[in-house]
Amino acid sequence: MDSKKILLLSLHTFSLTGGIEKVCRSVTKILSDWSVTLKNTPAVMSMYDEKPDTRYTANTNFKGFNGRKWSFLLHAIKAGLNADIIILSHINLLSVAWIIKKLKPQKRIILFAHGIEIWGKLSPWKTSFIKNNVEIWAVSRYTADQIMIRHHIPKTQVSILNNCLDPFFDPPAAFKKPKTLLEKYHLPSTSKVLFTLTRLSHSEQYKGYDQVLATLKDLPKDVYYILSGKADAIETKRITDLIAANHLTGRVLLTGFLPEEDVIDHFLLADVFVMPSKGEGFGIAFIEAAACGCNVIAGNQDGSSDALLDGDLGTLVHPERIAEIKSAILSRLEPANSNQHAIQQKCLDTFGFQRYQENILKLLNLSSIPSING
């Protein structure tokens, strides 16, 4: 068995619920199962978390700093100097790796590349440091391409590691609309439901829900749209104004933040999960929807193509072509075009946690892992 010490440095792992945090949790679970080789070195250090979710890791393998940045920096450097491999969950942690590498040049540094955080302009020192010192694990081909094109990172430094379903994601065995949600949202039992789950931010208007709203007014009146996710005040007003302008009041439900324990029921309620985004690094929500047997529609201009297996797991559309989105929705609402069990099984086979473990072990050049309990 390999005896390498591996350290994951993160910003948030358990205190937020976005895609990057979900990646951190999955990797944390893997490193926790590897913790027998870590001795007294924490498997994970998080700048903003306080405590871990002990399903993923024991308290002894996790150290949260609750926003104490200087304390995190000092402890991360010390732990990194004692580790063989340092994995960075976000490019904003690159300065920690720079210090470690200056002190011990032989350290292996790995950086996760998710999406917009690394597509944009980088400071010259970051680009230079990455080119000469860092392996990149990109969550999709699109993210990998953006890194190589925009920052001229050699292809040999970039590996593609698609995201996975959470190790504790419990896919449903049956695909029945939850009666409790039909009643909660006052929806007829015969209604058709479109669903989008994403962050609603005024500064990130690339998720495609505007296009869904523009499409909805031309869809049959029994089609409803549930738009879920934490929203800022400016975006909430903009969306409600769009709903009123398109005469969609009563057909669009803004739920706000959706607790994780309620997400699967909403995928079961939905006939189609639709998010024709232009800026997804990967899109974990797509594979979660597919794992619940839900029809999925995504954009074809970003990392969503990886999540939908180039169309094998759902329908890819041009995110700016309203007619194309409308046609895809109408097609996916037809019962004959839905094979829920096949969608679910293909998703579980491709994006299950066990496959992700195997991919990470291969990238880390590790031959085996101690007892896996996830």
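Here are a few things to note about the model shown:
- Region 317-346, subset aliphatic (A, V, I, L, M) and in contact with a Gly (Cβ under 7 Å, 6 or more places away or on another chain), residue farthest from VAL274 (Cα to Cα): ILE343
- Test: LEU94 is over 19 Å from the mean Cα position of the chain (by Cα) and under 26 Å from GLU204 (Cα atoms): yes
- Here HIS186 fulfils each of the conditions (1) modelled with pLDDT of 95 or more; (2) farther than 18 Å from ASP271 by Cβ apart from (2).
- When region 232-253 is filtered for residues that are assigned to a helix (DSSP H, G or I) and in contact with a strand residue (DSSP E or B) (Cβ under 8 Å, 6 or more places away or on another chain), the ones remaining, listed by number, are GLU235, THR236, ILE239, THR240, ILE243.
- Unique match (being among the β-branched types (Val, Ile, Thr), under 25 Å from ASP262 (Cβ atoms), surrounded by 19 or more Cβ atoms within 10 Å (Cβ to Cβ) and touching a helix residue (DSSP H, G or I) at 6+ places or on another chain (Cβ under 6 Å)) among ILE329, ILE297, ILE325: ILE297
- One residue stands out among those in region 131-147 that are polar (S, T, N, Q) and in contact (Cβ under 8 Å) with a residue 12 or more places away in the chain: the one that is surrounded by the fewest Cβ atoms within 10 Å (Cβ to Cβ), which is ASN133.
- SER46 buried (at least 24 other Cβ atoms within 10 Å of the Cβ) and either at pLDDT below 95 or within 28 Å of SER128 (Cβ to Cβ) (or both): yes
- Residue within region 158-173 that is part of a helix (DSSP H, G or I) and under 22 Å from the mean Cα position of the chain (by Cα) present: no
- Some residue of region 102-116 being crowded, with 16+ Cβ neighbours inside 10 Å, touching a helix residue (DSSP H, G or I) at 6+ places or on another chain (Cβ under 8 Å) and part of a helix (DSSP H, G or I): no
- Note on region 184-206: residues that are under 16 Å from the mean Cα position of the chain (by Cα) and either over 12 Å from SER228 (Cβ atoms) or not in a loop (DSSP other than H, G, I, E, B) (or both) amount to 5.
- Restricting SER89, SER123, SER95, SER128 to those that are assigned by TED's automatic domain parsing to the domain that holds HIS152, of a type in the set (S, T, N, Q) and surrounded by 20 or more Cβ atoms within 10 Å (Cβ to Cβ) reduces the list to SER89.
- Cβ-Cβ contacts under 6 Å between residues 6 or more apart (or on different chains), taken from a first residue in region 24-37 that is within 14 Å of LEU363 (Cβ to Cβ) to a second residue that is modelled with pLDDT under 85, are listed as TRP34/ILE369.
- Scanning region 269-288 for residues that are part of a strand (DSSP E or B) and either at pLDDT below 95 or within 18 Å of ASN163 (Cα to Cα) (or both) returns a single hit, MET275.
- Residue satisfying all of: in region 319-340; assigned to a loop (DSSP other than H, G, I, E, B) and without any contact (Cβ under 8 Å) to a residue 24 or more places away in the chain; nearest to THR143 (Cα to Cα) among these: ARG321
- Criterion violated by LYS121 - all others in (1) within 27 Å of THR13 (Cα to Cα); (2) modelled with pLDDT under 95; (3) in a helix (DSSP H, G or I) satisfied: (3)
- Subset of region 192-218 that is free of Cβ contacts under 8 Å to residues at least 60 places away in the same chain and not polar (S, T, N, Q) - its residue that is surrounded by the most Cβ atoms within 10 Å (Cβ to Cβ): LEU200
- Odd one out for ILE153 among (1) touching a Pro at 6+ places or on another chain (Cβ under 8 Å); (2) aliphatic (A, V, I, L, M); (3) in a loop (DSSP other than H, G, I, E, B): (1)
- Condition check for LEU313 on (1) in a helix (DSSP H, G or I); (2) surrounded by 15 or more Cβ atoms within 10 Å (Cβ to Cβ); (3) not polar (S, T, N, Q): one failure, at (1).
- Some residue of region 233-243 being surrounded by fewer than 17 Cβ atoms within 10 Å (Cβ to Cβ), of a type in the set (D, E, K, R) and free of Cβ contacts under 8 Å to residues at least 12 places away in the same chain: yes
The values are calculated or read from the model by the stated rules, or taken from the named source; none is laboratory data. Given the structure is predicted, the values throughout are model-derived calculations rather than measurements. Every residue, glycine among them, receives a Cβ derived from its backbone with ideal geometry; neighbour counts consider all protein chains shown.
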